[in-house]
Amino acid sequence: MTAITNSSELVTTPAEAAAAVDIVTYYIPILLSLGAIILLIAWLPLILRKLPLTLPLICVLIGAAIFTFTPFADYGPYPAETPILIEKATELIVIISLMGAGLKIGRPFSFRGWQITVRMLAICMPLTILALLFLSGAMLGLGIVSALLLASCLAPTDPVLASDVQIEKPQCDEESEARFALTSEAGLNDALTFPFVNLAIALAVAGGFSWQTVGGWALEDVLIKLSVGLVTGLAAGWIFGKIVYALPTGTRLSRTGDGFVALGATLSIYALTELLHGYGFLAVFLAGLMLRRASRENDFNDRLHDFADETERLLMMVMLVFFGGMLASGGYLSAVGWREIGFAAVALFVVRPLAGMIGLIGVKRPPLERFIISFFGIRGLGSVYYLSYALNHAEFEQEIVLWEVMGLIILMSIILHGFLVTPLMGRLDRHLEGRQKSAEAA
């Protein structure tokens, strides 16, 4: 901490003075390490295409390695100590990821075309919340409000860490139903889980269940905020589409070729929606969809998507490197025991896959494709955002348990998907290619 003396001079504590010395001493090595990491992150996707590894897993391993060395080992972060910083950092990366996800999808809106997405949102996600709510109480001993919060935070799939199972580029959303379903699900369920998180907050503030609290929540957090997010996202996306593509030739934004237009649109639409008391996550994703539809074949769509994707990857790298640092030197997960490991295993191996398969009953797709859609519901930075957001707005019992379980599930999810995504998605792609060739031959 710093203090101001009567003479208005800044006085630093010994810890701050030592930190300043470390920064000055290791400044050039830090720059070298940062540059090397950024170059490595840009290069790794080329190497990892055929290996059973993913970029998020590599980032965590790099972070764990870095924070074992001086001076980094002394500054291992812990999420409970910086909840506001974590909330804002994860909020930023999630909204950028949601805009990128929206820009990838060009499929027209229709129940038939989006039926798997609708099923995953309307059936799989509520079943997941109910199952995790019960298991949080039974296996972890959490009270009903904390259990609801944990279940709600773990319900949505992550738009940031799931890039390996999502649509890779605009114009490619017909290449795999699994990729489309996982992209569209991740784009929408981060917004649709917000009402459940807000219900947990409302119950925590009220000190328990009451019909008055639930009634106010249903009106404001479900009806009003979802409606505002929906209308604002569609309207703002349509307006931005006109500005980018439909203005007179000399003034339209697409003529600039600047991909950071996507970032400007993301931040302004999100902030506007939040000022109007709507769900910004929903608005940003819908705006991305509308912006893509404003001129589907325009090459500027690719530029917007690429800039959003590059920004997302850079921010993801930073967050996951620090996550690795938490694991290596911050004491994170030190309180994890067998009950937490058991809960995480059931959540990842039983709850999500089973809820997904129930949601896809009757869908006429290959069994392998249905399994991949159900299984690859990676948990990540979106869940971290929701937990930090809730803990910054209300007090919950056993907050340390919530952080520890969340971190464990994210780590297990990253490792699990890191080793399985490449072989399973490769097998699915080969299977679909074989079916297509057989259909063409017939």
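The values are calculated or read from the model by the stated rules, or taken from the named source; none is laboratory data. None of the values given here were measured: they were computed from a predicted structure. Glycine also receives a Cβ, built like all others from the backbone with ideal geometry; neighbour counts cover every protein chain displayed.
Summary table
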{"item": "Qualifying residue in region 92-107 (condition: at pLDDT below 85, part of a helix (DSSP H, G or I), of a type in the set (Val, Ile, Thr) and over 22 Å from Leu391 (Cβ atoms))", "result": "no"}
{"item": "Residue in region 255-272 that is of a type in the set (Phe, Trp, Tyr), buried (at least 17 other Cβ atoms within 10 Å of the Cβ), within 22 Å of Lys88 (Cβ to Cβ) and at pLDDT 85 or above present", "result": "yes"}
{"item": "Condition met for Phe111 (more than 20 Å from the chain's Cα centre (by Cα), at pLDDT below 90 and closer than 17 Å to Val321 by Cα)", "result": "no"}
{"item": "Every residue from region 199-238 that is of a type in the set (Ser, Thr, Tyr) and touching a helix residue (DSSP H, G or I) at 6+ places or on another chain (Cβ under 8 Å)", "result": "Thr213, Thr232"}
{"item": "Among the residues listed as Trp403, Trp338, the single one being closer than 26 Å to Ala191 by Cβ and either among the hydroxyl-bearing types (Ser, Thr, Tyr) or out of contact with any strand residue (DSSP E or B) (no Cβ under 8 Å at 6 or more places or on another chain) (or both)", "result": "Trp403"}
{"item": "Single residue of region 218-254 satisfying the filter (assigned to a helix (DSSP H, G or I) and among the hydroxyl-bearing types (Ser, Thr, Tyr)) that is modelled with the lowest pLDDT", "result": "Ser254"}
